[in-house]
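Novice: One structure, pasted below without further comment.
The values are calculated or read from the model by the stated rules, or taken from the named source; none is laboratory data. In this text, all values refer to a predicted model and were calculated from it rather than measured experimentally. Glycine gets a Cβ as well: all are built from the backbone with ideal geometry, and neighbour counts include every protein chain shown.
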């Protein structure tokens, strides 16, 4: 268990976290204790190319510093996180799916030059995991597996303050573990068969719903679609909440797949805690569907994991929401350039 | 890449590695550079209880020191490794399957008292991985996944000189990752369904062979069994070598399952190197079947892993054989009590 300390949680040193996504760039100043002091969001405008995007990024970053009532001189270091694939040691994007104009961009050094700060670089899901590990739901544990559920399935693994980023920057890409070796479900982007993402990601949920409807399954969602509603995870969740049997089964199947992937990680990493975050968490603990979703995951773990792991591993929802990325980015900045480890 | 150094590889400090198995206990003195200087083997005699086994262990350990022409005073620390499940921080065995008389034994402290040395404790597969990482095939890399193929499937994961031993001493237990979530094949001991071990371990290979024969498949192995040969992985391998189609398919299916598990670990750990060791490696590189076995694993990786990982990850056979355990045990002793890390 980490020593959480008891100092003033908003004092310096200060770190600037920057979370670049395909649509938005979130920036925030974070104290050395992991407390966010400001938050800004600007557009990435990927289609306009990286020069525009990086100008927006710089503006958002400087606004975040101002909003925290600090000067850029107060910032020790910057943490920059982006979607993969990337070359983390080189500070370079490779071929992120939603940002074709940014391919092969040496983004870390470009940001470092614009802001005049040493800049740490990390994968966005790894950084979100690190945010939860540093300052969120996992702040008292020594090891964490963090799943982020959205269009795809991201993952971040932390063991003893070390992010498992891999020898080729593909560590913790656990959306791509194989859960059904003979399965034909494919990832729409990579073509990989039988992976967790091919079954449990948002787009896979929508695909499975579409297939069930095409196969003639009864569902209240049919009439919603007929009057123009778009088939989304949110729509499926709404109908599951209202008691639709098909939609409920689709959501619970998603939990089953994630439970299987979670068991595999318990037998690989055996972390102290496992967290679920991201957009597709079905209302989390405060909603009945979110509770049943987590309960189902835990049921699979009870059934299929080693009893010691099933009994002792904490499984819960993440708490930092969309801020986990920039907070974790700041944590990476502190780890790389702040002189000490986080714990 | 680690700095392998260039000092005299047989000079002190010296560490004593002890690898306890259900049948034998192997001991050896190892230099601070990872070179084994002696090797002894004594019987565990599990059925006679731990007092007898520990007396044998002490005898084997002291013989190893003598054989190395050293005195026990020359030994800095001892590394002790055993099968799991275990509580690594507590130095205690829990319920190792083949050693019922040793259940709940505080084995680390008992050994430490007998030999009068600080004693590090580790899982045997993790230690074998650490042996290869320190002094074997993986000595020049920074991260390793090591599979050990035998009755069961063991695994050890090393990242930056850290063994992934887990928060509950169940880290790197990757024989128990789920590769076929709907699969009915069960682990005979734990009852876990769809795990890698349920498909690819030695006993699973024998089971699959038995099923194929019962289903009427033609094979030269039938007549061998009819005249009294025991159905073992070795027998299956021999017939595969001689061109029997069924036996060859059973061996290549084993490679396919291991390839799937390997892809999952490439997308989780993304190590620099992946090694296969243990008794069931089909003659390794020097035999045609061993070559085809590894080739099949690599083919699955080429097909199903991220291209960067498939291209850059080294996949090979381990080289230390049955000595990996005591060498790795000595490495753990050095890491815990030798003052510096291995690299």
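Novice: Given the conditions (1) more than 13 Å from every other protein chain (Cβ to nearest Cβ); (2) in a helix (DSSP H, G or I); (3) over 18 Å from residue A:179 (Cβ atoms); (4) at pLDDT 95 or above, and given that residue A:311 satisfies all but one, which numbered condition is not satisfied?
Specialist: The number of the failed condition is (1).
Novice: With the structure loaded, tell me whether residue A:338 is more than 10 Å from chain B (Cβ to nearest Cβ) and under 20 Å from residue A:125 (Cα atoms) or whether it fails that test.
Specialist: Criteria not met by residue A:338.
Novice: Looking only at residues in the stretch B:271-296 that are touching a strand residue (DSSP E or B) at 6+ places or on another chain (Cβ under 8 Å) and assigned to a loop (DSSP other than H, G, I, E, B), which one is surrounded by the fewest Cβ atoms within 10 Å (Cβ to Cβ)?
Specialist: B:279
Novice: Let me ask something additional. Quick one: how many residues across the stretch A:92-102 are assigned to a loop (DSSP other than H, G, I, E, B) and buried (at least 20 other Cβ atoms within 10 Å of the Cβ)?
Specialist: Of the residues in the stretch A:92-102, 2 are assigned to a loop (DSSP other than H, G, I, E, B) and buried (at least 20 other Cβ atoms within 10 Å of the Cβ).
Novice: Moving on to the next point. From (1) outside any helix (DSSP H, G or I); (2) out of contact with any strand residue (DSSP E or B) (no Cβ under 6 Å at 6 or more places or on another chain); (3) farther than 28 Å from residue A:319 by Cβ, pick out the condition that doesn't hold for residue A:105.
Specialist: Unmet for residue A:105, out of (1) outside any helix (DSSP H, G or I); (2) out of contact with any strand residue (DSSP E or B) (no Cβ under 6 Å at 6 or more places or on another chain); (3) farther than 28 Å from residue A:319 by Cβ: (2).
Novice: Taking into account only those residues within the stretch A:297-307 that are surrounded by fewer than 19 Cβ atoms within 10 Å (Cβ to Cβ) and within 13 Å of chain B (Cβ to nearest Cβ), which is nearest to residue A:36 (Cα to Cα)?
Specialist: Result: A:302.
Novice: For the stretch B:36-82, name all the residues that are out of contact with any strand residue (DSSP E or B) (no Cβ under 8 Å at 6 or more places or on another chain) and in a loop (DSSP other than H, G, I, E, B).
Specialist: Result: B:45, B:49, B:69, B:71.
Novice: Inspect the stretch B:170-189 for any residue being away from every other protein chain (no Cβ under 14 Å), within 30 Å of residue B:336 (Cβ to Cβ) and touching a residue at least 24 places away in the same chain (Cβ under 8 Å) and give the result as yes or no.
Specialist: no
Novice: Just to be sure, is residue B:82 more than 24 Å from residue A:171 (Cα to Cα) and surrounded by fewer than 21 Cβ atoms within 10 Å (Cβ to Cβ)?
Specialist: no
So that you can scan it fast, the table gives a plain yes or no per residue for (1) under 21 Å from residue A:270 (Cα atoms); (2) assigned by TED's automatic domain parsing to the domain that holds residue B:203; (3) over 14 Å from the mean Cα position of the chain (by Cα):
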| residue | (1), (2), (3) |
| --- | --- |
| B:75 | no, no, yes |
| B:91 | yes, no, yes |
| B:108 | no, no, yes |
| B:114 | no, no, yes |
| B:125 | yes, no, no |
| B:128 | yes, no, no |
| B:148 | yes, yes, no |
| B:154 | yes, yes, no |
| B:160 | yes, yes, yes |
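Novice: Ok, one more. Residue by residue through the stretch A:83-93, note down the ones that are free of Cβ contacts under 8 Å to residues at least 60 places away in the same chain and in contact with a strand residue (DSSP E or B) (Cβ under 8 Å, 6 or more places away or on another chain).
Specialist: Let us first name the residues in the stretch A:83-93 that are free of Cβ contacts under 8 Å to residues at least 60 places away in the same chain, namely A:90-93.
Hits for the stretch A:83-93 are A:91, A:92, A:93.
Novice: Additional query: Can you give me the number of residues within the stretch B:190-204 that are without any contact (Cβ under 8 Å) to a residue 40 or more places away in the chain, assigned to a loop (DSSP other than H, G, I, E, B), more than 7 Å from chain A (Cβ to nearest Cβ) and surrounded by 20 or more Cβ atoms within 10 Å (Cβ to Cβ)?
Specialist: 1
Novice: Hey, does the stretch B:125-134 have a residue that's away from chain A (no Cβ under 14 Å) and under 25 Å from residue A:145 (Cα atoms)? Reasoning before the result, please.
Specialist: Taking the stretch B:125-134 and keeping what is away from chain A (no Cβ under 14 Å), we get B:127-128, B:130-132, B:134.
In the following step, the residues that additionally are under 25 Å from residue A:145 (Cα atoms) were identified as B:127, B:130.
Yes, some residue in the stretch B:125-134 is away from chain A (no Cβ under 14 Å) and under 25 Å from residue A:145 (Cα atoms).
Novice: Could you tell me whether any residue of the stretch A:140-155 is within 12 Å of chain B (Cβ to nearest Cβ), outside any strand (DSSP E or B), out of contact with any helix residue (DSSP H, G or I) (no Cβ under 6 Å at 6 or more places or on another chain) and free of Cβ contacts under 8 Å to residues at least 24 places away in the same chain?
Specialist: No; the residues of the stretch A:140-155 include none that is within 12 Å of chain B (Cβ to nearest Cβ), outside any strand (DSSP E or B), out of contact with any helix residue (DSSP H, G or I) (no Cβ under 6 Å at 6 or more places or on another chain) and free of Cβ contacts under 8 Å to residues at least 24 places away in the same chain.
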